[in-house]
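The values are calculated or read from the model by the stated rules, or taken from the named source; none is laboratory data. Because the structure is predicted, anything quoted here is derived from the model rather than measured. So basically every Cβ, Gly included, is an ideal-geometry build from the backbone, and we count neighbours across all protein chains shown.
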Amino acid sequence: MTPVRPVIMCGGSGTRLWPLSRKSRPKHLLPLLGGRSLLQDTATRLRSGMAGLEIRPPLVITGAAQADAVAEQLSGAGIAPAAILIEPEGRNTAAVAAAAVAWSETADDDALLLLLPSDHHIARPDAFAKAVAQGAELASADRIVTFGIVPDRPHTGYGYIRRGGALGAGFAVDRFVEKPDADTASAYLAEGGYSWNAGIFLFEPAVMVGELATHAPDILGNVRAALSSAHHAGNRFDLDPVSFAASPSAPIDKAVMEKTAKAAVIPVDMGWSDVGSWSSLFEVLGKDADGNAVSGHARVIDCRSTQVRSTGPMTAVVGVDNVSVIVTDDAVLVIANECSEDVRKVVDGLSEGEAKDLL
């Protein structure tokens with residue numbers, strides 16, 4: 001089987017997990033589900049031998065502000081990256097894919113590239129490894145493979161993938177659809193044939209190069225130039241800021257996947273969560289008999305379906321249901337679980353006001 005090289009995307013600030021997640025300490029660097037960070041879990045999730053896979057050391061792509069912390073955490077998890085590419089600014093995931101294939105070209109690497117967000121949770125890594133092994137067969141046949149999450153409810157916070165005809169262990173992609181409203185999401189589940197879009201992709205570098213050259217040539221050209229002019233020290237490449245800034249900013253879904261005829265999807269039930277909000281984190285946490293999840297210096301009394309997490313002072317919560325209470329040394333968030341997406345409104349208000357030091 002063709003070897004697989006994970007490409008770990010360490011970008012973003014996880015603003016929907018404010019106040020715990022900050023620009024200086026985004027969510028993938030936080031131990032939200034145990035003793036290790038989400039990044040460390042991502043980097044150690046796949047190992048050679050799982051489902052017959054050969055897993056190569058990862059390629060890591062991150063920003064300058066996080067680079068040292070990312071390198072330190074990977075070292076702490078026993079991971080030695082093949083390279084760390086440092087973006088001078090965020091240009092979205094199409095530029096990340098372009099940087100990965102440009103590095104693969106210069107390194108004369110023979111591995112498939114597995115593009116992975118650094119901040120997702122997968123409860124069943126064996127199921128993921130099996131899906132990657134199945135996807136590797138399609139990727140070796142010139143397909144760009146994405147992994148569709150089997151939906152268990154009409155979620156409105158994810159994009160969806162509608163599958164077409166059978167293709168090996170997966171399916172051709174009929175179309176990608178944007179985040180739906182509740183009625184549309186319910187219709188998707190009733191119809192069947194839809195998966196959540198997890199933003200995970202597997203491909204031959206040459207195939208992605210060809211599709212970027214066809215559908216997003218400005219992204220490919222400028223990112224290639226940024227790598228060729230990068231400052232290189234050890235396994236770290238600081239991409240040239242002028243060339244990189246000239247690249248258009250676009251997600252890989254829009255730049256390539258919605259346009260290519262090579263897209264394939266492997267549906268997989270692997271206990272996936274994007275841990276993208278306090279409610280989605282609450283879903284995957286262990287809970288007591290009343291459905292509460294408590295972490296840090298905190299206590300609940302006569303509460304149900306409530307999440308309390310304190311990295312600051314002792315926090316006691318009494319007699320409330322379906323609420324999340326998040327406490328740090330300098331901020332407190334109290335929010336109804338069904339309103340967890342509205343944390344962005346708080347962050348937007350801080351950006352516009354005089355409390356930017358809390359971001």
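Got a number for residues in the range 299-338 being crowded, with 20+ Cβ neighbours inside 10 Å and over 19 Å from Ser280 (Cβ atoms)?
Going through the range 299-338 one residue at a time, the tally reaches 5.
Looking at (1) farther than 19 Å from Val275 by Cα; (2) in contact with a Lys or Arg (Cβ under 6 Å, 6 or more places away or on another chain); (3) among the hydroxyl-bearing types (Ser, Thr, Tyr), which is the only condition Ser21 fails?
Only one criterion is unmet by Ser21, namely (1).
Return yes or no: is Lys259 under 19 Å from the mean Cα position of the chain (by Cα), among the basic types (Lys, Arg) and under 25 Å from Ile144 (Cβ atoms)?
Considered against the rule, which asks whether it is under 19 Å from the mean Cα position of the chain (by Cα), among the basic types (Lys, Arg) and under 25 Å from Ile144 (Cβ atoms), Lys259 comes out as no.
Given the criteria surrounded by fewer than 19 Cβ atoms within 10 Å (Cβ to Cβ), in the same structural domain as Ala107 (by TED's automatic domain parsing) and assigned to a helix (DSSP H, G or I), does Ala172 qualify?
Judged against the criteria, Ala172 is not a match.
Out of the residues in the range 3-58 that are within 16 Å of the chain's Cα centre (by Cα) and at positive phi, state the one that is surrounded by the most Cβ atoms within 10 Å (Cβ to Cβ).
Restricting to residues being within 16 Å of the chain's Cα centre (by Cα) and at positive phi, the top hit is Gly14.
If Lys259 satisfies all but one of (1) assigned by TED's automatic domain parsing to the domain that holds Gly135; (2) assigned to a loop (DSSP other than H, G, I, E, B); (3) free of Cβ contacts under 8 Å to residues at least 40 places away in the same chain; (4) not small (Gly, Ala, Ser), what's the number of the condition it fails?
Going through (1) assigned by TED's automatic domain parsing to the domain that holds Gly135; (2) assigned to a loop (DSSP other than H, G, I, E, B); (3) free of Cβ contacts under 8 Å to residues at least 40 places away in the same chain; (4) not small (Gly, Ala, Ser) one by one, Lys259 breaks only (3).
So in the range 1-46, with the set limited to residues that are charged (D, E, K, R) and in a helix (DSSP H, G or I), which one is farthest from Ser75 (Cα to Cα)?
Arg16
Within the range 262-276, count every residue that is within 30 Å of Val325 (Cβ to Cβ) and outside any loop (DSSP other than H, G, I, E, B).
Residues in the range 262-276 being within 30 Å of Val325 (Cβ to Cβ) and outside any loop (DSSP other than H, G, I, E, B): 2 in total.
Consider the range 328-359. How many of its residues are without any contact (Cβ under 8 Å) to a residue 60 or more places away in the chain and not in a helix (DSSP H, G or I)?
Matching residues across the range 328-359 total 7.
Look through Leu202, Leu227 and report the one residue that is part of a strand (DSSP E or B), of a type in the set (A, V, I, L, M) and in contact (Cβ under 8 Å) with a residue 24 or more places away in the chain.
Being part of a strand (DSSP E or B), of a type in the set (A, V, I, L, M) and in contact (Cβ under 8 Å) with a residue 24 or more places away in the chain holds for just one of Leu202, Leu227, which is Leu202.
Kindly establish whether Ala289 is free of Cβ contacts under 8 Å to residues at least 12 places away in the same chain, aliphatic (A, V, I, L, M) and either over 17 Å from Leu17 (Cβ atoms) or assigned to a strand (DSSP E or B) (or both).
Against the criterion (free of Cβ contacts under 8 Å to residues at least 12 places away in the same chain, aliphatic (A, V, I, L, M) and either over 17 Å from Leu17 (Cβ atoms) or assigned to a strand (DSSP E or B) (or both)), Ala289 qualifies.
For the range 277-286, enumerate the residues that are surrounded by fewer than 20 Cβ atoms within 10 Å (Cβ to Cβ) and either assigned to a loop (DSSP other than H, G, I, E, B) or among the hydrophobic types (A, V, I, L, M, F, W, C) (or both).
Val284, Leu285, Gly286
Looking at the range 175-193 only, could you name the residues that are touching a residue at least 24 places away in the same chain (Cβ under 8 Å), closer than 17 Å to Gly276 by Cβ and surrounded by fewer than 18 Cβ atoms within 10 Å (Cβ to Cβ)?
Of everything in the range 175-193, nothing turns out to be touching a residue at least 24 places away in the same chain (Cβ under 8 Å), closer than 17 Å to Gly276 by Cβ and surrounded by fewer than 18 Cβ atoms within 10 Å (Cβ to Cβ).
Go through the residues of the range 175-183 one by one and say whether even a single one is under 22 Å from the mean Cα position of the chain (by Cα) and acidic (Asp, Glu).
yes
How many residues are touching a helix residue (DSSP H, G or I) at 6+ places or on another chain (Cβ under 7 Å) and either at pLDDT below 95 or not in a strand (DSSP E or B) (or both) when one looks only at the range 306-327?
Count: 1.
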